[in-house]
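Please treat every number below as a calculation from the coordinates, not as lab data. All figures in this text were calculated on a predicted structure; none of them were measured in a lab. Here the Cβ positions follow ideal geometry from the backbone for every residue, glycine too, while neighbour counts run over all protein chains shown.
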Amino acid sequence: MIWQTIFLGLMLQLILVIGAKYPKNINIWPMPESVEYGNQTLTISKDFNLKVDGSKYKDKSSILKDSFTRLLDVVTSNNVIEYNFGKVDQSNLLQGIHVVILSEDDQLQYGVDESYKLNILSKGNPNYAYIEAATVYGTLHAMQTFSQLCHFNLHTRKLIVSQTPISITDRPRFSYRGLHIDTSRHYQPLPMIKKVIDSMAYAKLNVLHWHIVDEQSFPLEIPSFPKLWNGAYSRPERYTVAAAADIVSYAQRRGINVLAELDVPGHARSWGIGYPALWPSKTCREPLDVSNDFTFELINGVLSDFSKIFKFRFVHLGGDEVDTSCWKLTPRIQKWLKNKGLNESTAYEYFVLRAQKIALSHGYEVINWEETFNHFGSKLDRKTVVHNWLGGGVAEQVVKAGLRCIVSNQDKWYLDHLDNDWQQVYMNEPLTNITNPEQQKLVIGGEVCAWAETIDGSNIEQTIWPRAAAAAERLWTHPDKLAKDPNEVTSRIANFRCLLNQRGVAAAPLDVPGRAAPIGPGSCYVQ
Amino acid sequence: MPTRFPTINPKSLHFFFTILTICLHLTPIINSRTIRRIGSPSYLSSDDSSVTYLWPLPSNFTSGNETLVVDPNLSISVSGNGGSSVIVREAIARYKTIIFKHVGSSKSRGTSNSDYDVNKVTVIVHSDDEELQLGVDESYTLLVAKNNGLSIIGEVTIEANTVYGALRGLETFSQLCSFDYGTKTVQLYNAPWFITDKPRFEFRGLLLDTSRHYYPIDIIKQIIESMSYAKLNVLHWHIIDEQSFPLEVPAYPKLWKGAYRKWERYTVEDASEIVNFAKMRGINVMAEIDVPGHAESWGTGYPDLWPSSTCREPLDVSKNFTFDVLSGILQDMRDIFPFELFHLGGDEVNTDCWNDTPHVKQWLQDMNMTAKDAYRYFVIKAQEIAISKNWTPVNWEETFNTFAEKLNPNTVVHNWLGPGVCPKAVAQGFKCIYSNQGVWYLDHLDVTWDGFYDAEPLEGITDSVEQKLVIGGEVCMWSETADPSNVQQTIWPRAAAAAERLWTSKEAAPTSNTSETALTRLHYFRCLLTRRGVQASPVTNLYARSPPIGPGSCYDQ
């Protein structure tokens, strides 16, 4: 009996230590599913290297090797490190990382296994951190976690990993963790987009939703219809096919898919600069002319070109904010509607469904903004993913109807709403009021949106960060490890914000509205 | 001690111009001082646009009307005594990345050299002396001509006396190259080009304040990199102030206890790394310790430096320990900062604490000094320590305004309070740096680009000897409300406006009619910065670093 009590007591203590909800001194963002740690310190050796013995993955395109190089870059970029190891005990050195990947495949498809294990023993000769993952993409996340465990020791001038032994098991809660950028309201130069992708990887976000085109400008080259990019703001404010492919590949090598969007028929005025026949008339330019077959030929051409660049399973066809008055006001279209027996509202449905069919014919599954569901949900292709934005409670309706959903309710997850503070972003729960496990599975994830009316190359990063990080933890971390009160994680997210700054990302202070300047002098860690 | 650099051998210069004259006869050149077709902001939307915009504008150039296509496998070679310079070699690698960033890696089109007009850049550096000091020769010539068998000089030649002149020439060359979205090649418009360029002022500075907010090394490097695009050449590093003491001082290791946090610190090695990174881009780092008025953070580690624990500023003038610490800091900094100028601050000294603290007051009485005398005593003593370590002191203008006659005659007076100070300083034989806060303080968010552009460092100085004493100017990025999240868009594009004022001759960059002569070019330069990854703000916003007012082209906002 006494032994049992002692045993139970010990177990309880053990559970308290390992199972503590927010490991106090662990500053990993987003929080892994499980972390156990000790209090020994290891020093990173000069020839810190990557070992892959026993790994099935062949790394033909160097995704793993490059990620290791980037890891070294980010952990060493901020200080000059002393690599003279005169009197350091060899067994306290960390020689490198031993990576074992169980799958040969490096396809980055939707739902790819992103889980990983990371173990660091406090001694060994030689001592290697051990990462095990099903895919290379799980390994990339493990590298990110590892990078957050490395610190510069101001006294020894060496890089250290403290709190060893460390044992981490981790996997994402949702398979779709998105960030939306808009390159139509303002053009974003390539280095800006790449920096955004880099920083997404730090927060384990995995989908860049690229709202390429809208009514204001058409920056992307479309070889099938080359005059479309006449709709660019200017000659240099354009993306070639090669540049777009470069972005896709850059993202893929960081475990991030690019979701391309073509927002039809409502947000497409810029298309008509090159092809005025797409406008209902010269004076009434939106939505795209529903009565003209050329409109759909062109959509087909664009999606055909898309399919050569954007290999993600999904394409986004927009479908939001369609004001059909131009269809009513243009006599030619009015006549066509009558002949077809359509009214404005059914013509909108006709357009969206026809566009969906074209996308399906190119092998895509379709994502549409929620208005399409709200108006004619039952007509949508059954594989449609409905993208919520107008407000809360939509996901609930969508999954009840058996469709999949992405949550982006604007009152919490629109980053261009500068008054959405990080606490609100953090607390936005995609599964609110959805209890049925089958329905829960239909919520594939969520996305924060940075619409670019007032975002350009000068301020994109501080509009996104640190608030997107709050959503990233909501989407990544197991619900048991999520804070019920965001103030419990303030210091950890502040630490992540400062880490972004150290990595050259212009993440804004936490204690001011979105992207505002710091209110006065002070430490990064408290602002 | 200024270092002398060899001038171009007059013979080779003569030869160069002979060849140039021949070229001028062979190719039609439109001679222009200001670039043509300025004024239509949406010029780039039209398809026939092939215009080149340079910032800052070279003092002398001619251009033509040919378009040349640049070989993506462009070879850039370096010759002359400075031909083996690592500084130039690394710069070439950086600029190649910038120039060919948009060219896809796929080699689908012809790869034979003859498909391109420009295959080769020759950089000639006459001197192998890489010492970077005030007044180093930054001049260069840049010649771009098609190699068509007629020209004797083929293609692109950059010629400079020093590696730093070569860096400026490479920057200009990179701005001549644009990616053409039709042919997907890099093109060089308005060729042939002949540019002879040199800076108007030898000191073209940007102040960065790492005490009000800490900037990680990576961010400081981004800032230095962007300075090189605008040909600025001095980073005035206001390292320490009352709020925090981020720098390690081995002689007094407790000083950096005054850092905000453990991680908001620079080691000696980190600081050296910054100096070296800057030097590779032809930029000097002028360090500042602002004594005695802006030094409260020193006392976190050594409370004896405060007059008392409740009255903490200025530094305790009565203690020898204060000057021991000062001397220790300067000694340690001497190993980090090779630049000949060192900034000792001396501004905004409120001496109340000296009068209010009994032991300091007693000392003043014993020394028969007023608080104002003690301020002078402090500054002069700090100057003596700096001079003993082979530094030329720079001080904020209050020191000159209060006791000019006592300042070391080599002192460089740093203006900030308002206009009219440099004229007074140079009239008394002092050198001067212009930073009039009404026009060149970047934290004054209501000063627009043209306010920066129209400023004139030589305002009110007509005597040519006195004019030479104005070594240049500096824009100041005080960091009360700037941190890593917004520093770049507070600096840019306004710092660029000042950069042209400091680089380009007054004749080539007049202050009249600037919406015609400068605004479109500045729009272009701002977009160039964003394309190079620098978060430069819209140009024409009334309030600096505010977001764009609505959707639109970078070139219009």
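Observations on the structure shown:
- Helix axis angle, B:163-176 relative to chain B longest principal axis, alpha carbon, degrees: 50
- Proximity of backbone amide H atoms, modeled 1.01 Å from N, is registered between B:Trp478 and B:Leu442, B:Asp443 at under 5 Å, excluding neighbours fewer than 5 places apart on the same chain.
- Tensor-based shape of chain A (alpha-carbon gyration tensor, a/c under 1.5 rounded, otherwise prolate or oblate): prolate
- Using a simple spin-label model with pseudo-atoms 7 Å out from Cα toward Cβ, A:Asn374 and B:Asp115 lie 5.2 nm apart.
- Under-5 Å amide H pairs with A:His98, H placed in peptide plane, nonlocal only: A:Lys51, A:Ala129, A:Tyr130, A:Ile131
- Ranked by the mean number of other Cβ atoms within 10 Å of their residues, highest first, the peptides B:500-511, A:147-158, B:193-204 fall in the order B:193-204, B:500-511, A:147-158.
- Once you reduce segment B:225-300 and segment A:249-291 to the center of their Cα atoms, the two points are 49 Å from each other.
- Furthest towards positive pole of dipole, B:Val70, B:Leu235, A:Val366, structure part the protein assembly as shown, Cβ charges: A:Val366
- Each label point was placed 7 Å from the Cα along the Cα-to-Cβ direction; for A:Arg382 and B:Val86 their separation is 6.7 nm.
- Formal net charge of residues neighbouring B:Ser388 (Cβ-Cβ distance under 13 Å; K, R +1; D, E -1): +2
- Cα gyration tensor shape of segment B:203-508, rounded if a/c is under 1.5, else prolate or oblate by comparing a/b with b/c: oblate
- Only helices enter this figure: runs of n ≥ 4 DSSP H residues, each worth -39500 (n - 2.57), summed and divided by the residues of the protein assembly as shown, yield -10000 deg cm²/dmol at 222 nm to the nearest 500.
- A simple rule links phi to the HN-Hα coupling: the Karplus curve 6.51 cos²θ - 1.76 cosθ + 1.60 with θ = phi - 60°, which for segment B:499-507 gives 4, 5, 4, 7, 8, 8, 4, 4, 5 Hz, with x for Gly and Pro.
- Taking amide H positions as modeled 1.01 Å from N, with prolines and chain starts lacking one, the residues under 5 Å from B:Lys120 and 5 or more places away or on another chain are B:Ser75, B:Val156.
- Segments A:54-61, B:90-97, B:420-427 sorted - mean Cβ within 10 Å per residue, highest first: B:420-427, B:90-97, A:54-61
- Of B:Ser139, B:Ile217, B:Asn410, farthest towards positive along the dipole that unit charges on Lys, Arg, Asp, Glu beta carbons give chain B: B:Ser139
- Rounded to the nearest 20 debye, dipole of the protein assembly as shown from Cβ charges on Lys, Arg, Asp, Glu: 2500
- The modelled label-to-label distance between A:Lys340 and A:Asn49, using points 7 Å beyond Cα along the C-beta direction, is 6.6 nm.
- With the highest mean first, a sort of the peptides A:515-523, A:115-123 on other beta-carbon atoms found within 10 angstrom per residue produces A:115-123, A:515-523.
- Bridge orientation summary for the protein assembly as shown: considering DSSP beta bridges with both residues in this region, about 35 percent are antiparallel.
- Cα-Cα over 25 Å, subset of A:Lys58/B:Lys184; A:Lys60/A:Lys311; B:Lys279/B:Lys424; B:Lys101/B:Lys221; A:Lys194/A:Lys227: A:Lys58/B:Lys184; B:Lys279/B:Lys424; A:Lys194/A:Lys227
- The local environment of B:Ser553, defined by Cβ-Cβ distances under 10 Å, has a net charge of -3 under the rule Lys, Arg +1 and Asp, Glu -1.
- Net charge over other residues, Cβ less than 11 angstrom from the Cβ of A:Pro486 (K, R count +1; D, E count -1): -1
- Karplus 3J(HN,Hα) series, Hz, for segment B:408-413 with 6.51 cos²θ - 1.76 cosθ + 1.60 (x for Gly, Pro): 4, x, 7, 4, 9, 8
- Shape of the protein assembly as shown, Cα gyration tensor, a/c cut at 1.5: oblate
- Reported to the nearest whole Å, the Cα centre-to-centre distance from segment B:521-557 to segment A:452-497 is 26.
- Cysteines in chain A lacking any other cysteine Cβ under 4.7 Å from their own Cβ: A:Cys150, A:Cys405, A:Cys449.
- Electrostatic dipole magnitude of segment A:351-449 [Cβ: Lys, Arg +1; Asp, Glu -1; Cα centre; debye, to 20]: 640
- Looking at chain A, the DSSP beta bridges with both ends there are about 30 percent antiparallel.
- Its Cα gyration tensor gives segment B:233-325 an equivalent ellipsoid. The semi-axes, each the square root of 5 times an eigenvalue, are 26, 14, 11 Å from largest down.
- Cα centroid separation - segment A:105-178 against segment B:473-506, whole Å: 40
- Only Cα pairs under 8 Å and 6+ residues apart enter the sum, and on that basis the relative contact order of segment B:203-508 stands at 18 percent.
- Once the Cα-Cα distance is subtracted from the 0.36 nm per residue extended length, the A:Ser249 to A:Glu429 segment shows a gain of 61.7 nm.
- Rounded to the nearest whole Hz, the Karplus-based 3J(HN,Hα) values (6.51 cos²θ - 1.76 cosθ + 1.60, θ = phi - 60°) of segment A:128-137 follow the sequence 10, 5, 10, 10, 10, 8, 5, 10, 5, 6, with x at glycine and proline.
- With Cα atoms, 0 to 90° folded angle of helix A:2-19 axis to chain A main axis: 50
- Partner lysines whose Cα lies under 16 Å from the Cα of B:Lys262, excluding those fewer than 8 positions away in the same chain, are identified as A:Lys158, B:Lys254.
- Simple Cβ-charge dipole of chain B, Lys/Arg +1 and Asp/Glu -1, about Cα centre, in debye nearest 20: 1440
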